[in-house]
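Comments concern the structure below.
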Amino acid sequence: MSLFDYKLSEIHNKMHSKELSPTDLVDQAFKTISERDSQVGAYLTLDEEGARTTARKLDDQLASGGDRGLLFGLPVGIKDNIVTEGIRTTCASQFLSNFNPVYDATVTSKLRNADAVVIGKLNMDEFAMGGSNENSSFHPVHNPWNLEYVPGGSSGGSAASVAAGEAYFTLGSDTGGSIRQPASYCGVVGLKPTYGLVSRFGLVAFASSLDQIGPITKNVEDSAYVLQAIAGYDQMDSTSANVQIPDYLNALTGDVKGLRIAVPKEYLGEGVDTVVKEKVLAALKVLEGLGAVWEEVSLPHTEYAVATYYLLASSEASSNLARFDGVRYGVRSDNPANLLDLYHESRSQGFGPEVKRRIMLGTYALSSGYYDAYYLKAQKVRTLIKRDFDQVFEKYDVIIGPTAPTTAFKLGAQVDDPLTMYLNDILTIPVSLAGVPAISIPCGFADGLPIGLQIIGKAFDESTVLRVAHAFEQNTEYHTQRPELS
């Protein structure tokens, strides 16, 4: 049994009784990484020296009986689009292969203040654009449950690292499902908080109206701990919400009696795999047995969500990535003929094919003569999608459905078919457009690959989302199963 199989509360008890130290946990992380990451490919950069230095300081703190933070001694991997002072941050792009940030993102600072130990930076789709992690410009990530399959994306390294036992927990970012979909494919717990609950300061922007940072963990209780540590208002982020942060751990009561669950018919309709559908219905039965009630509802604008998302997200990406010109940021092209040539060559050489595709789509949608027809219309449809959620939440406490229509697919199977790849996010994208919180938790397996259950809540009601997820988890065993890796 790995030390990382213990719950956070159990680890802290063992530290309190001096059975464990932060150095023991860091040793466990690097031992597992050395044994497994050549197969999984979850990490782009490791900071072993920095992690061991921090662990030794925490060892002294533990021995002296000093104060301990909420995440004391826990090894954390951070997605490589979240800046970390002095640790290379590449966004899995050749363009930023030489970028060493001079400051920490707010979430990184909060993790350090909570006494977590940063062990390295995690692989991802380039600039968070992709759903399989095959768009990393360094190397793909492999699913620990079957190394021939994708881990999902774009936070594929974050999810695979937790599933493989290479980090105690990780941070990912979610723009259209990039925490929840890989969590589903890798059989771990991925939480996308409400837009504005967690600071985006220091997150390299892809689509600013959608991007959100969240935790990936092995169980719901640990997810509540990490959210407690990273949530809260930040004056450095103009979109940060100044709301009261509740005690998320107090929400984990196991009580869902009388809870009203909405199940959108669009989430169990055409394109959703039969086994996935069966596992979600079985999960609803578990919650029903605990006293919850569920009814079928409709989110009628779901079918427009993917098209709306790719217009809006690509438009924002086109604007956000304009800063990467080879002058202020990124790798500069050698021997350009003039300044315009420098911009052109640096961007042509630095960005990969998927990033270029989205920049071109977004630039087209924002261009004169097409703005009203595409970008403005997409914004109006986004409002309709959000209203669908508002209306359902007038009568129900949570919405439940699958996280993804299928289990993970084989590496290379959809590389040449971007439209099919985009449709893998059809059940997570509407949630992102509405800006509400959602969690993916394991609810079964098909052919040895995990299936995710998505629980969606009202804005800033993460407590209810975590309560329902925890109640389900306490009455099932799916979250305790681990992939067999040598």
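The values are calculated or read from the model by the stated rules, or taken from the named source; none is laboratory data. As the structure is a prediction and not an experimental result, all values here were calculated from the model. Every residue, glycine as well, gets a Cβ built from its backbone with ideal geometry; the counts of neighbours run over all protein chains shown. Accessible surface areas use protein heavy atoms only, side chains included; no ligands, DNA or RNA. Shrake-Rupley method; radii C 1.70, N 1.55, O 1.52, S 1.80 Å.
Among what's in the range 105-120 and is of a type in the set (D, E, K, R) and over 14 Å from Pro215 (Cα atoms), pick the residue that is least open to solvent (accessible area, probe 1.4 Å). Break it down into steps so the answer makes sense when it comes.
Taking the range 105-120 and keeping what is of a type in the set (D, E, K, R), we get 110, 112, 115.
Imposing the further condition that a residue be over 14 Å from Pro215 (Cα atoms) reduces the set to 112, 115.
Numbers: Arg112: 91, Asp115: 25 Å².
The qualifying residue least open to solvent (accessible area, probe 1.4 Å) is Asp115.
Which of the residues spanning the range 328-368 are in a loop (DSSP other than H, G, I, E, B) and either charged (D, E, K, R) or open to solvent by 70 Å² or more (accessible area, probe 1.4 Å) (or both)?
Looking only at the range 328-368, we keep the residues that are in a loop (DSSP other than H, G, I, E, B), and these are 328-338, 351-352, 367-368.
Arg328, Tyr329, Arg332, Asp334, Asn335, Ala337, Asn338, Ser368 - these are the residues of the range 328-368 that are in a loop (DSSP other than H, G, I, E, B) and either charged (D, E, K, R) or open to solvent by 70 Å² or more (accessible area, probe 1.4 Å) (or both).
Could you grab me the full set of residues in the range 275-284 that are farther than 11 Å from Thr407 by Cα and either open to solvent by 60 Å² or more (accessible area, probe 1.4 Å) or out of contact with any helix residue (DSSP H, G or I) (no Cβ under 8 Å at 6 or more places or on another chain) (or both)? Break it down into steps so the answer makes sense when it comes.
Looking only at the range 275-284, we keep the residues that are farther than 11 Å from Thr407 by Cα, and these are 277-284.
Within the range 275-284, Lys277, Glu278, Lys279, Leu281, Ala282, Leu284 meet the criteria.
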Which condition number does Thr403 fail, the rest of (1) under 18 Å from Val465 (Cβ atoms); (2) open to solvent by 20 Å² or more (accessible area, probe 1.4 Å) being met? (2)
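Taking Phe445 as the residue in question, decide whether it is open to solvent by 20 Å² or more (accessible area, probe 1.4 Å) and assigned to a strand (DSSP E or B). First the steps, then the outcome.
Working: open to solvent by 20 Å² or more (accessible area, probe 1.4 Å): yes; assigned to a strand (DSSP E or B): yes.
So Phe445 fits the description; yes.
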In the range 328-343, the residues that are of a type in the set (D, E, K, R) and closer than 24 Å to Thr90 by Cβ: Arg328, Arg332, Asp334
Considering every residue within the range 228-247, establish whether at least one is open to solvent by 30 Å² or more (accessible area, probe 1.4 Å), more than 30 Å from Tyr309 (Cα to Cα) and among the charged types (D, E, K, R). yes
Could you tell me which numbered condition Arg36 fails, if it satisfies all but one of (1) modelled with pLDDT under 95; (2) open to solvent by 40 Å² or more (accessible area, probe 1.4 Å)? (1)
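A quick yes/no check of all residues on (1) among the small types (Gly, Ala, Ser); (2) touching a strand residue (DSSP E or B) at 6+ places or on another chain (Cβ under 8 Å); (3) within 30 Å of Ala317 (Cβ to Cβ):
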site: Thr217; (1), (2), (3): no, yes, yes
site: Ala224; (1), (2), (3): yes, no, no
site: Ala231; (1), (2), (3): yes, yes, yes
site: Met236; (1), (2), (3): no, no, yes
site: Glu270; (1), (2), (3): no, no, yes
I'd like the full set of residues that are surrounded by 14 or more Cβ atoms within 10 Å (Cβ to Cβ) and within 25 Å of Leu419 (Cβ to Cβ), limited to the range 248-274. Pro264, Glu266, Tyr267, Leu268, Val272, Asp273
Go over the candidates Ala471, Ala438 one by one and state the one that is among the small types (Gly, Ala, Ser), within 25 Å of Arg387 (Cα to Cα) and either surrounded by 18 or more Cβ atoms within 10 Å (Cβ to Cβ) or in contact with a strand residue (DSSP E or B) (Cβ under 7 Å, 6 or more places away or on another chain) (or both). Ala438
Return the residues of the range 51-70 that are in a helix (DSSP H, G or I) and either open to solvent by 60 Å² or more (accessible area, probe 1.4 Å) or closer than 16 Å to Lys110 by Cβ (or both); say none if nothing qualifies. Arg52, Thr54, Arg56, Lys57, Asp60, Ala63, Ser64
What pairs come out if I take residues in the range 94-117 that are closer than 18 Å to Pro22 by Cα and pair them with residues that are open to solvent by 10 Å² or more (accessible area, probe 1.4 Å) and at pLDDT below 95 whose C-beta lies under 7 Å away, six or more apart or interchain? Asp115/Arg68
Residue that is farthest from Ala159 (Cα to Cα), among those in the range 1-50 that are assigned to a helix (DSSP H, G or I) and in contact with a Gly (Cβ under 6 Å, 6 or more places away or on another chain): Pro22
Which is open to solvent by less than 50 Å² (accessible area, probe 1.4 Å) and either more than 15 Å from Glu166 (Cα to Cα) or of a type outside the set (Ser, Thr, Tyr) (or both), of Gly86, Gly73? Gly73
